Amino acid sequence: MLKRLLFAAVAALFLVIQFNIGSVNAVEVDESIRTVKLNSQGDEIVLSLKQVKQGQRVFVDTCSYCHKAGLTKTNPNVNLGSTALAGAFPARDNVEGIVDYLKNPTTYDGEREIYEFHPNTTRSDLYPLMRNLTDEDLEAVAGHILIQPEIRGILWGGGKVYN
C-alpha cells in the first residue's frame, strides 16, 4: 500500500512539473501554429523551427522573470495574451508591434513612453540582459509570445486562476 501511494505521489509530482514547464519542442509545433501575424496590416509569416527554439530561449532567459506564463508581474491587468496584445495602442498582437514595443515601450494606451520602467534595447542600463539582443532575437521572442496562446491555451496570460 505504501509503495503504491509513494508511486502515485511521484507520478503526480512529475505530471505537475510537466504542465508547469510549458515548453514545447519545436519539432512538435506544426506550421499552422508557427504562422503568426507579421504586422498590423494582417500579413503573416511562418516562424522557422529555429526561431521557435530561439524565441523560447530568449523569453525564458530575458523576459520570464516578469512575464512567467504570459502574466505581467508589475501589472496583472495587462498580460501577454492575444486579446490584451490586440487591445494595446498601437496593437502588439503581431511581430512588428512587439519588436517595436521592446525597442520603444509605451503605456498600454500608447500615450506615454515608459523607457524608465520597462526593459528595452534603447536603455539597456535598466535591464542589461536586453543589451545584447539582436533584431533576430527580438523577432524570435515576439514569435514565441504570439504562438503561446495556441500552445498553452488559457494557461498563457490566464492569471493566477490558471497558474
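Here are some notes:
- Residues of the stretch 118-134 that turn out to be open to solvent by 80 Å² or more (accessible area, probe 1.4 Å) and free of Cβ contacts under 8 Å to residues at least 40 places away in the same chain, as a count: 5
- Which listed residue is modelled with pLDDT of 95 or more, closer than 16 Å to Gly153 by Cα and not basic (Lys, Arg), from Leu102, Leu85, Leu38: Leu85
- Residue count, the stretch 91-111 (criterion: small (Gly, Ala, Ser) and loosely packed, with under 15 Cβ neighbours inside 10 Å): 1
- Any chance Gly97 is in a loop (DSSP other than H, G, I, E, B) and over 16 Å from Leu133 (Cα atoms): no
- Candidate set from the stretch 62-90 (those that are β-branched (Val, Ile, Thr) and open to solvent by 50 Å² or more (accessible area, probe 1.4 Å)); member that is farthest from the chain's Cα centre (by Cα): Thr74
The values are calculated or read from the model by the stated rules, or taken from the named source; none is laboratory data. Remember, predicted model here, so these are calculated numbers, not experimental data. Backbone-built Cβ (ideal geometry, glycine too); neighbour counts: all protein chains shown. Please note that ligands, DNA and RNA were not included when accessible areas were found on the heavy atoms of the full protein model with its side chains. Shrake-Rupley method; radii C 1.70, N 1.55, O 1.52, S 1.80 Å.
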